[in-house]
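These notes are about the structure you will find just below.
Every number in this text was worked out from the coordinates using simple rules, so none of it is lab data. All of these numbers come straight from a predicted model, not from anything done at the bench. Cβ placement follows ideal geometry from the backbone for every residue including glycine, while neighbour counts extend to all protein chains displayed.
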Amino acid sequence: MIVAIYILDKEGNIKLEKTYMINKQTSKFSALRNFISALSILIPELEGEDIETTTIKDLKLSYTSANNHIIIICADKFEDKYNMERKLKEIKERFIEAKKQLLEKGVQEKQFFKHFTNIVDDIIVTPVKISLVGYGGVGKTTILKLIRGETPPKEYKPTLSPNITTIEDVLEGQLEVAKLGNVRVVVWDFAGQEQFRALWNLWIRGSDIVILVTDSTRKNVEESKILLDLIREWAPHIKVIAFANKQDLPEAMKPEEVSEILGIKAHGTIAIDPSYREKILAILGEAIAEIVK
Ligand SMILES: Nc1nc2c(ncn2[C@@H]2O[C@H](COP(=O)(O)OP(=O)(O)O)[C@@H](O)[C@H]2O)c(=O)[nH]1
Ligand SMILES: [Mg+2]
């Protein structure tokens, strides 16, 4: 995975620095910054417009020059070279374009790099697709609203990675979507909307994480098991977790019982209770951390 991006000026000053590491990786790459600073000695020699990639021990570096700056993408040695170079090329093009606009508008350099960091994020961070699936009425839309923060939470502490803070509301036709940074959460109703059934298979296969939502009644959980078997058939390797929603209702089975019927981990939720937002975001964060490991 890509772990950092740096933009340095001709004098070797770091103008933009952004790391994309998760927990454990930090120590491994802590020397990176010093290394990059040292690398700046080479800048005067980096005249060419090409993109080059080199591997140094556990690191893979792609670099290029643009507008008297050097742009460096750092990844672990397993990262695909072409993926890095493709992203770097895009960043370079956007950098040149944005610089031009900056000059026209007279924007301060500091402001420029702050703004450009957002552009870089969009390019670097691979989007994560999460599908909330289940029968009608189990609480998917309510969960999505809770994720979006539409129900005011009693207490809000961001539990996902620092990137995942801007909440953008995107509605695409029939789909209900929440966007949290690079994470896209989409709702699919299993019952009804027959015309969308054909897309189901494709969508599920394109998802990184599927969350099967149940209302925790025995009938619904047993029906959802059939849905789970279908998902498994379509996408055998996808990460599927379950929500045992409506835990506040007297007929709700305990999450453990739901887990047992489904054969996968079921988290107890109450989507109408804003205090569950944090728990739900934490579950998503954990699942995401696992898949991008
Ligand atoms: N008691 C209770 N009601 C819930 C819960 N989550 C959702 N609901 C209600 O269940 C109904 C259906 O929810 P909705 O999110 O529209 O279900 P969807 O069809 O899966 O999108 C709505 O009236 C919600 O307010 C919950 O955890 N507890
Ligand atoms: Mg709904």
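Taking other Cβ within 10 Å of each residue's Cβ, how do Ser62, Ser259 sort, fewest first? Mind showing how you got there, number by number?
On the way: Ser62 26, Ser259 19.
In increasing order of surrounding Cβ atoms, one gets Ser259, Ser62.
Which order do Phe35, Phe243 fall in if you start with the one that has the fewest other Cβ atoms within 10 Å?
Numbers: Phe35 14, Phe243 28.
The order, fewest Cβ neighbours first, is Phe35, Phe243.
If the limit is 25 Å between Cα atoms, which of Lys57/Lys81; Lys254/Lys279; Lys18/Lys89; Lys114/Lys239 go over it?
Those over the limit are Lys114/Lys239.
If R0 is 41 Å, what FRET efficiency do you get for Lys279 and Asn68 from their C-beta distance, rounded to 0.05?
Result of the calculation: an efficiency of 0.25.
By count of other Cβ within 10 Å, fewest leading, how are Trp203, Trp234 ordered? Could you put the intermediate results ahead of the total?
Values: Trp203 19, Trp234 15.
Neighbour counts put them in this order, fewest first: Trp234, Trp203.
Assuming R0 = 25 Å, what is the FRET efficiency of Glu17 and Val107, from their Cβ-Cβ distance, to the nearest 0.05? Could the numbers behind the result be given before it?
Working: r = 19 Å, r/R0 = 0.78.
It comes to 0.80.
For segment 2-124, max minus min Cα coordinate along each principal axis, in Å, sorted largest first?
41, 31, 26
Using a Förster distance of 22 angstrom, determine the FRET efficiency expected from the C-beta separation of Thr54 and Glu286, and round it to 0.05. Could the numbers behind the result be given before it?
On the way: r = 35 Å, r/R0 = 1.58.
The formula returns an efficiency of 0.05 here.
Could you tell me which of rounded, prolate or oblate describes segment 222-293, using a ≥ b ≥ c as the square roots of the eigenvalues of the alpha-carbon gyration tensor, with rounded for a/c under 1.5 and, failing that, prolate when a/b is larger than b/c and oblate otherwise?
Details: a/c = 2.45, a/b = 1.14, b/c = 2.15.
Oblate, because a/c is 1.5 or more while a/b does not exceed b/c.
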